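Comments concern the structure below.
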Amino acid sequence: MDKINNLINKKVGDIYLKEPLSKHSSWRIGGPADVLIEPYNIKQIIEIVQYADLMKIPTVVIGNGTNLLFCDEGLRGIIIKLGNNFSRYTINGKRVCAEAGIWTPKFAKILSDNGLSGLEHAIGIPGTLGGLIFMNGGSSGKCIGDIVKKVWAVDKNYDLIYLSQKECDFSYRKSVFQDSDYIICKIELECELGEKERIKSEMRTILNNRKNKFPLNYPNCGSVFLSNPVVNDTFAPPGKLIEEAGLKGYQIGGAQISEKHANFIVNLGNATAKDVISIVQYIRKVVYQRYGLCLESEVKYVGELGSLRSLHEIGKVE
Ligand SMILES: Cc1cc2nc3c(=O)[nH]c(=O)nc-3n(C[C@H](O)[C@H](O)[C@H](O)COP(=O)(O)OP(=O)(O)OC[C@H]3O[C@@H](n4cnc5c(N)ncnc54)[C@H](O)[C@@H]3O)c2cc1C
């Protein structure tokens, strides 16, 4: 408790104790974190990680928790949440800069209001810009990495460094950040000048398509399995394979393969992380037996001591 009191005295942001992680996950699943902190600036981020390392307390950085499954036990450590408190931005012609916590749909809208094109595809992605960079997320065949100029990050020596687009090593739903300890702090994008009405109309079309395709009435984490275009060409998108295998509506505990889109697992109300893991492994077993394809998940699983792994690696059955 002394360790935590020291941290509170340091005034490193808004601090919550025994915070239910279900409140910070779009699946609404997860036990309590010992501490959750929402810092306001880079100095506070560095202070938190320095102190945690010194005290050997695990830390996990999150954005909006829309691509994460927290374990049922929660976290014996500190969640560093980069969200609203850390979401300032500047616009300088076609170059825009934003802190990692900015909410992606809000930022896409701000850019469109300024006649800047490049982030239309992300209008319906409900996470932060930092999370989007980490995942190299996107839609409609586009990825955020396409328009990145620079990413500023805190490295494991507590220095603020920057990486060029090349150094970010973006590929389909991959970035260098997934294999490192960098904390993404600030992002510079290079947009194109565009006609406001055209940009807005494209965003409306994207949002309408998503409304029709995705199950928005139950908590979920978006697509569970990677829809890698190369694999899709050989087989088919994961949602189609799961649907053809007759698994739509399949349920374990409170977790269900969505009736609307088979690459979504929804929380019907009382799902646990264990239910989701069991359903993920069941899908992988059936799809492997039927098509010989090992599905991989884009969702990350956070263990009780702060380990971060792809969800398909948890409780493997084959
Ligand atoms: C309904 C729905 C629809 C979705 N549609 C799409 C889609 O069309 N395309 C798509 O790509 N994704 C989609 N997603 C998934 C998700 O929204 C994106 O991956 C999003 O970019 C994740 O952002 P986040 O802030 O929620 O990240 P989180 O889920 O909080 O974190 C994701 C990962 O990034 C790491 N991370 C987050 N912020 C930082 C940081 N600042 N520094 C270092 N590491 C960090 C976390 O540790 C974690 O490993 C969807 C999700 C939902 C719920």
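The values are calculated or read from the model by the stated rules, or taken from the named source; none is laboratory data. What you see is a predicted model; the values in this text were computed from it and never measured. Quick reminder, even Gly has a Cβ in these numbers, built from the backbone with ideal geometry, and neighbours come from all protein chains shown. With ligands, DNA and RNA removed, areas are computed over all heavy atoms of the protein, side chains included. Shrake-Rupley method; radii C 1.70, N 1.55, O 1.52, S 1.80 Å.
Quick notes on this structure:
- Carbon-plus-sulfur accessible fraction, segment 95-148 (probe radius 1.4 Å, protein heavy atoms only): 59%.
- Computed over the chain, the P(r) tail beyond 34 angstrom holds 23 percent of alpha carbon pairs.
- Listed by chain and number, the lysines whose alpha-carbon sits under 30 Å from that of Lys10, ignoring those within fewer than 8 places in the same chain, are Lys18, Lys23, Lys43, Lys56, Lys81, Lys156, Lys186.
- Between Cys294 and Lys43, the distance separating the two model label sites (each 7 Å from Cα on the Cα→Cβ line) works out to 4.8 nm.
- Accessible-area value, Thr234, 1.4 Å probe, nucleic acids and ligands omitted, Å²: 100 Å²
- Value of [θ]222 nm, deg cm²/dmol, for the chain, DSSP H segments ≥ 4, -39500 (n - 2.57) each, nearest 500: -8500 deg cm²/dmol
- With viscosity 1.306 mPa s and temperature 10 °C, the Kirkwood radius over alpha carbon pairs of segment 1-157 converts through Stokes-Einstein to a diffusion coefficient of 96 µm²/s.
- Label-to-label distance, nm, for residues given as Leu216 and Arg309 (7 Å Cα→Cβ offset): 3.6 nm
- Near the amide H of Ser310, within less than 5 Å, lie the amide hydrogens of Tyr301, all on another chain or at least 5 residues away, with H placed in the peptide plane.
- Solvent exposure of segment 2-84 amounts to 43 Å² per residue of accessible area, where only protein heavy atoms count and the probe is 1.4 Å.
- Viscosity 0.692 mPa s, temperature 37 °C, Stokes-Einstein D of segment 2-84 from Kirkwood C-alpha radius, µm²/s: 260 µm²/s
- Area of Asp179 that stays accessible when all protein chains are in place (1.4 Å probe, Å², to 10): 120 Å²
- Under 18 Å from Lys149, Cα to Cα: aspartates and glutamates that are on another chain or at least 8 residues apart: Glu99, Glu120, Glu167, Asp169, Glu188, Glu190, Glu192
- Lysines with Cα under 20 Å of Lys196, excluding same-chain neighbours fewer than 8 positions away: Lys94, Lys106, Lys109, Lys142
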